[in-house]
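Below: the structure, in structure tokens.
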Amino acid sequence: MNDNPTPPAATLRWQDTLLIYLSPSSLRMLALGFSAGLPLLLVLGTLSFRLREAGIDRATIGFLSWVGLAYGFKWAWAPLVDRLSIPFLTPLLGRRRSWLLLAQISIVVGLLGMAGSNPQVALTPLVVCAVLVAFGSATQDIALDAFRIESAQARLQAVLAASYQTGYRLAMIWAGAGVFWIAAKAEVGGLPTGTYQDAAWGVAYVAMALSMAVGMLTVLFSNEPAHVPLAPAHGFRPWLQVAVIAPFAEFIRRYRWHALLLLALIGTYRISDIVMGIMANPFYVDMGYSKEEVATVTKLYGVAMTLVGAFIGGILVLRMGVMRVLMLGAVLSAATNVLFAWLAMHGHDVYALIAVVSADNLSSGIASAAFIAYLSSLTNVQYSATQYALFSSLMLLLPKFLAGFSGVAVDAGGYASFFIGTAMLGVPVLLLVWLASRFHALKE
């Protein structure tokens with residue numbers, strides 16, 4: 001399936017480049033990105049606020065954050081999404097769309113269950129429903145990545161990635177600020193301030209469940225990507241070989257020892273941003289920024305700048321190629337951390353915060369668009385779901401591990417030294433991008 005017949009990159013005019021964002025594939029990915037971004041906060045940030053308001057202790061809330069581990073281990077069942085057919089649905093919709101719809105139905109059922117569960121009465125039903133939402137959401141991510149990769153040629157992946165990110169960010173605003181607004185409006189007046197009203201939260205979660213219709217209708221009215229023939233597997237052991245081992249073995253076989261280089265790049269590319277990001281909110285508090293200032297600058301304005309960056313990144317990849325923009329994104333990601341070090345020494349200044357957040361989020365959007373396009377280019381369409389799930393999980397492991405020590409680093413040397421240190425973490429990434437560029441150039 002290809003809804004984007006475009007001229008070669010060398011003859012692509014700027015107006016043609018911009019119009020690609022209005023193509024059916026791009027608009028489809030915008031809607032599916034919204035469907036993917038909606039559940040995340042509802043089982044993490046938003047849920048923790050609801051539980052605390054209900055009087056649940058902080059230790060329990062912390063343990064319940066492990067629900068989010070479903071996203072980190074989605075590679076474990078990605079082979080099932082890649083290979084297995086769903087009775088009734090797959091013959092009707094095709095392999096990718098059937099898994100997308102099943103995952104979305106699971107999310108809706110889970111959100112409705114969360115809407116009807118009062119944590120003050122019984123916590124277990126709410127947790128079970130949250131787990132269902134998390135697994136449904138992670139499964140949707142697996143199927144959606146495969147759907148995106150198989151729906152368009154490699155040079156358009158950055159555009160689809162930018163559209164996906166736009167939908168994803170809009171959904172996070174709706175599932176963050178939107179759900180609080182709905183819950184507040186649904187509260188019954190006359191009760192003491194801070195009183196937990198479960199019915200109001202129920203209304204908000206029902207609204208979120210209904211919002212999943214955006215993605216479900218998109219799936220139903222989309223075309224299934226061109227079918228990719230898969231090697232048959234009869235019996236459990238042959239299936240295990242074909243569905244689980246083969247996708248990983250194929251990647252190693254295709255790139256040989258260079259696979260280590262590529263995996264090292266994948267595992268470290270976002271390290272500066274992720275390690276620094278853990279200490280961003282404590283930094284804002286310690287610098288004396290109010291909640292209103294942080295919310296306005298980082299949650300609304302910052303998101304807008306990320307979307308602009310993703311849009312620019314998609315265009316730049318079309319014009320310059322993935323590897324050049326990947327290098328640009330790596331440089332910007334490390335350099336903007338130095339700006340946070342300057343802000344730490346500059347002191348409380350809202351205008352300075354706007355400038356630093358603008359630069360940081362703009363560079364993050366550019367880097368993300370290029371990185372998603374690069375990961376997509378590394379997959380084999382026969383194993384797109386499994387391989388992409390592996391890549392997207394791998395990119396978080398080392399950065400998340402190191403980020404756990406970020407508080408210790410700030411206590412030892414202060415914020416300015418910490419931010420400069422996170423920028424230095426990005427220097428080896430530049431070498432890895434350069435080596436990977438050389439490898440791909442030789443391969444071509």
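The values are calculated or read from the model by the stated rules, or taken from the named source; none is laboratory data. All of these numbers come straight from a predicted model, not from anything done at the bench. No Cβ is skipped: glycine too gets one built from the backbone with ideal geometry, and neighbour counts run over all protein chains shown.
Numbers at a glance
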quantity: Matching residues, the range 80-137, being buried (at least 16 other Cβ atoms within 10 Å of the Cβ), of a type in the set (Gly, Ala, Ser) and over 21 Å from Val381 (Cβ atoms); calculated: Ser106, Gly110, Gly113, Ala115, Ser117, Ala130, Ala134, Gly136, Ser137
quantity: Helices (runs of 4 or more DSSP H) fully within the range 81-169 counting 3 or more residues that are under 30 Å from Asp198 (Cα atoms) and of a type in the set (A, V, I, L, M); calculated: 95-115, 123-151
quantity: Only one of Ser163, Ser117, Ser137 that is within 29 Å of Gly55 (Cβ to Cβ), polar (S, T, N, Q) and within 14 Å of the chain's Cα centre (by Cα); calculated: Ser137
quantity: Any hit, the range 405-425, residues being outside any helix (DSSP H, G or I), over 12 Å from Met323 (Cβ atoms), in the same structural domain as Arg270 (by TED's automatic domain parsing) and in contact (Cβ under 8 Å) with a residue 40 or more places away in the chain; calculated: no
quantity: Every pair of residues 6+ apart whose Cβ atoms lie under 7 Å, when the first sits in the range 187-207 and is touching a residue at least 24 places away in the same chain (Cβ under 8 Å) and crowded, with 16+ Cβ neighbours inside 10 Å while the second is part of a loop (DSSP other than H, G, I, E, B) and among the aliphatic types (A, V, I, L, M); calculated: Tyr196/Ala54
quantity: Residue in the range 87-95 that is touching a residue at least 40 places away in the same chain (Cβ under 8 Å), of a type in the set (D, E, K, R), in the same structural domain as Gly178 (by TED's automatic domain parsing) and farther than 30 Å from Ile245 by Cα present; calculated: no
quantity: The range 24-60 - residue that is among the polar types (S, T, N, Q) and modelled with pLDDT under 80 and, of those, farthest from Gln104 (Cα to Cα); calculated: Thr60
quantity: Verdict on Ala389 being touching a Leu at 6+ places or on another chain (Cβ under 7 Å) and closer than 17 Å to Leu262 by Cβ; calculated: no
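Conditions tested, residue by residue: (1) modelled with pLDDT of 90 or more; (2) over 24 Å from the mean Cα position of the chain (by Cα); (3) under 24 Å from Ile245 (Cβ atoms).
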{"residue": "Gly347", "(1), (2), (3)": "no, yes, no"}
{"residue": "Ile354", "(1), (2), (3)": "yes, no, no"}
{"residue": "Thr379", "(1), (2), (3)": "no, no, yes"}
{"residue": "Ser384", "(1), (2), (3)": "no, no, yes"}
{"residue": "Gln387", "(1), (2), (3)": "no, no, yes"}
{"residue": "Phe391", "(1), (2), (3)": "no, no, yes"}
{"residue": "Leu402", "(1), (2), (3)": "no, no, no"}
{"residue": "Val408", "(1), (2), (3)": "no, yes, no"}
{"residue": "Ser417", "(1), (2), (3)": "yes, yes, no"}
